[in-house]
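J.: Have a look at this one before I ask anything.
The values are calculated or read from the model by the stated rules, or taken from the named source; none is laboratory data. Everything quoted here is computed from the prediction, not taken from an experiment. Reconstructed Cβ throughout: ideal geometry from the backbone, glycine too, with neighbour counts over all protein chains shown. Areas reflect the complete protein model, heavy atoms only, side chains present, ligands, DNA and RNA absent. Shrake-Rupley method; radii C 1.70, N 1.55, O 1.52, S 1.80 Å.
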Amino acid sequence: MSTTHPTATRHRRNGGDLVVESLAALGARTVFGLPGQHALGVFDALRRSALRYVGLRVENNAGFAADAYARATHGVAPLLVSTGPGALMTLAALQEAAAGSAAVLAIGSQVPLAGIGGGRHGYLHELADQSASFRGVVKSVHTARTASQIPSAVAAAWESALSAPHGPVWLEIPQDVLLAEVDVPPVTQLDATPRELLPRRELIAAAASRLTRARRPVILAGGGVVRAGAEAELLALAEQLRAPVATTFGGKGAFPWEHPLSLRSWMEDRHTTTFLEEADTLLVVGSGLGELSSNYHTFRPLGQVVQIEADLGKLESNHAALGIHADARAALAALVKAVGEDNDAVAARADHGPRDTGPAGEPGAEPPTPEAAVSALLARVHDRIAGQQLDLEQRILASVRDALPDGAVSCWDMTILAYWAWSAFDPRRSNALHSAQGAGGLGYGYPAALGVAVADPARPVLAVSGDGGAMYSIAELATARQYDLPVTWLIVDDGGYGILREYMTDAFGEATATELTRPDFVALAESFGVPAVRTSPERLRTDLAAALAAPGPSVVVLPARLRMFAPTHLDA
């Protein structure tokens, strides 16, 4: 007697199969997401593919995980979600991916084809124009209206996401197209190689001339350097020019922290702002000189600015410059070559040294070397912070740095300790620190850390959140346990939205709506089967190191009320 269910039939390939086959043909190995009714066709196809699926509990968190996976791999991270509420829940994550240049390929379902176009048919999850919700957030929007359009639409979206600058894209496919039977061979080969964004030769020649003839050139490296993998080229150029290098918060790790030419990342410090302003030629690479990179728009350059930027909309958007629209790695490599060929100018600059005035010396004094000027600047920054009685904050940040292995990655939520890390934390290597400082939404740290751990499960990952931000991501403890991901979550519990408490107190004399009732984070983590410990500033280094060394997920809770260092932009 047959044991086959009477309604069971042999599977026939459908539009969902074309989606997963196309992703695999383009090189995808992992997809993130959360299923929904209209998207079941593509989720069913996953079980017939070799793609690894990582499911999170909230679509926004799935988007953050995909964002960090894309940053960690320098590749494309597919994100699969459903229609309407599921699609819209990804918007905050996609905004962060856009701000941080993360190549997230978000694929959402749609109502059946007959319901698209503005008609009010009353389908579940129906929106008058779903794709319109994404146009102001992502790089490009794509739609496949027939099964035969799916491979080409996936390839076009993939190419857009991976073109410089990297960024998120949105592709939507109606439910009935995903379920429609197809009678075509499996997709085995697709080409979505992005066009290289190379610099124009005459611009490189002009930039090289300005830099080699500058008496005090300085470099500001942004996130574009890290995204392009241009750290080696940046180091070579800085050493050719003996130019000090500051890194923006998004560019942390672009330049060695302890290098004699490293100004580090004190972008919210007036001493650093002045040092950058007084460069006679400032090379800005991979940054639009936005709010956080310009000390809240108080930066006023006195010399010439050369700007290398892959995002055309950011080129000269805040300051006039010799603008070079190019990928950071290609442009820096070309500059290294051009500067190296201009031996006479480099030798002449070495002979007369830096100009004889500036923040490191008095008029007429012996001009300081670039390395001495860097050292003097960092000493002034240190003295400013030391005068504010912030020993607790510095000890905690140092404990985190000491506990974190050199090869580990950290992911930071929007919390006071993260703001300290942006300025004062040494990532010890490129692409090792990720944060939500692009769009600035809460809840990034923990799901992002899960995405990094999926990319490389052989090394530990640290997530850092405040108690308010942690509540955005508590459900993902189940994800960490389900996939046994080696993520240690440090939750700094200060009883509320700490930075907002500070902002409101400073502005209005008292805070409103910032105090929170919290769970017992240790007991809550343990209810998910995740080991947890409550620590103190004195035990933090030991407890955090032990958690990072243990296999699988863990949680460390630090009750502490931290303060920020005083801003300098308010006095500018």
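J.: Over the Cα atoms of the range 1-157, what is the Rg over Rh ratio if Rh follows Kirkwood?
T.: Reported Rg/Rh (Cα atoms, Kirkwood Rh): 0.99.
J.: Further question on the same structure: If you put +1 on each Lys and Arg Cβ and -1 on each Asp and Glu Cβ, how big is the dipole of the chain around its Cα centre, in Debye rounded to 20?
T.: For this selection, approximately 920 debye.
J.: Now a separate question. Would you kindly derive the ³J(HN,Hα) couplings of the range 461-475 from the backbone phi angles with the Karplus curve 6.51 cos²θ - 1.76 cosθ + 1.60 (θ = phi - 60°), listing them in order in whole Hz, with x for Gly and Pro?
T.: 10, 10, 10, 10, 9, x, 5, x, x, 4, 5, 5, 10, 4, 4
J.: With a 1.4 Å probe and every protein chain kept in, tell me what percent of the accessible surface of the range 201-318 is carbon plus sulfur.
T.: Ligands and nucleic acids excluded, carbon and sulfur give 50 percent.
J.: So what's Rg/Rh here for the range 430-572, counting alpha carbon atoms and using the Kirkwood radius for Rh?
T.: Ratio of gyration radius to Kirkwood radius for the range 430-572: 1.00.
J.: Suppose accessible area is computed on protein heavy atoms with a 1.4 Å probe; arrange Asp269, Asp506 from highest to lowest.
T.: Asp506, Asp269
J.: Using label points projected 7 Å from each Cα along Cα→Cβ, tell me how many nm separate His382 and Ser536, to one decimal.
T.: According to this spin-label approximation, the distance is 3.0 nm.
J.: Could you give each residue of the range 13-29 its phi-based ³J(HN,Hα) in whole Hz, using Karplus coefficients 6.51, -1.76, 1.60 with θ = phi - 60°, and x for Gly or Pro?
T.: 4, 9, x, x, 4, 5, 5, 5, 5, 5, 4, 5, 5, 8, x, 5, 10
J.: Using C-alpha positions alone, give me the convex hull volume of the range 385-511 per residue in cubic angstrom.
T.: Hull volume over Cα atoms, normalised by residue count, gives 115 Å³.
J.: Could you grab the Rg to Rh ratio for the range 26-65? Cα atoms only, Kirkwood for Rh. Let's see the in-between values first.
T.: Working: Rg = 10.4 Å, Rh = 10.8 Å.
Reported Rg/Rh (Cα atoms, Kirkwood Rh): 0.96.
J.: Now a separate question. Taking the Cα atoms of the range 67-207, report the difference between the largest and smallest coordinate on each principal axis, in whole Å and largest first.
T.: 60, 37, 27
J.: Hey, what's the Kirkwood Rh for the range 72-126 if you take every pair of different alpha carbons, in angstrom?
T.: 12.7 Å
J.: Something else: Taking the chain as the region of interest, what is the percent of Cα-Cα pairs per 20 angstrom bin, listed from the shortest bin to the one with the maximum distance?
T.: Taking every Cα pair in the chain, the percentages come to 21, 49, 27, 4, 0, 0.
J.: Using a 1.4 Å probe over the heavy atoms of the protein chains, calculate the carbon and sulfur portion of the accessible area of the range 17-58 as a whole percent.
T.: 54 percent
J.: Something else now. Please calculate the 1.4 Å probe accessible area of Ser152, with all protein chains present, and give it to the nearest 10 Å².
T.: 80 Å²
J.: Under 5 Å between amide H atoms, partner at least 5 residues away or on a different chain: which partners does Ser140 have, H built in plane at 1.01 Å?
T.: Trp170
J.: How long is the gain from Asp520 to Asp406 if the chain were fully straight, where each residue apart is worth 0.36 nm and the alpha carbon distance is subtracted?
T.: Length gained, Asp520 through Asp406: 37.9 nm.
J.: In terms of Cα to Cα distance under 17 Å, which lysines are near enough to Lys314, apart from those fewer than 8 places away along the same chain?
T.: Lys139
J.: Using only DSSP helix segments of four residues or longer, with each worth -39500 (n - 2.57), what per-residue ellipticity at 222 nm results for the chain after dividing by its residue count and rounding to 500?
T.: After summing the helix terms and dividing by residue count, I get -11000 deg cm²/dmol.
J.: Give, to the nearest whole percent, the P(r) tail of the range 475-521 beyond 15 angstrom, counting all Cα pairs.
T.: Details: 639 of 1081 pairs.
Summing the P(r) tail past 15 Å for the range 475-521 gives 59 percent.
J.: For Phe508 and Glu196, calculate 0.36 nm times their separation in residues minus their Cα-Cα distance, and state this gained length in nm to one decimal.
T.: In short, 107.3 nm is gained.
J.: Percent of alpha carbon pairs in the range 12-99 separated by more than 15 Å? Write out the running numbers ahead of the final one.
T.: Numbers: 2158 of 3828 pairs.
Result: 56 percent of Cα pairs exceed 15 Å.
J.: Determine the gain in length on full extension of the stretch Arg145-Gln37; use 0.36 nm per residue of separation and subtract their C-alpha separation, reporting nm with one decimal.
T.: 37.1 nm
J.: To the nearest 10 Å², what's Asp520's accessible area with a 1.4 Å probe?
T.: My reading of the accessible area for Asp520 is about 80 Å².
J.: Still on this structure, please answer the following. For the chain, report the accessible area per residue in Å² (1.4 Å probe, heavy atoms, rounded to an integer).
T.: Result: 40 Å² per residue.
J.: If you keep only loop residues by DSSP, which GluC sites (Glu not before Pro) in the range 451-547 have at most 10 other Cβ atoms within 10 Å of their Cβ?
T.: Answer by residue number: Glu510, Glu538.
J.: Rounded to the nearest 5, what % of DSSP beta bridges with both residues in the chain are antiparallel?
T.: Around 5 percent of the beta bridges assigned by DSSP in the chain are antiparallel ones.
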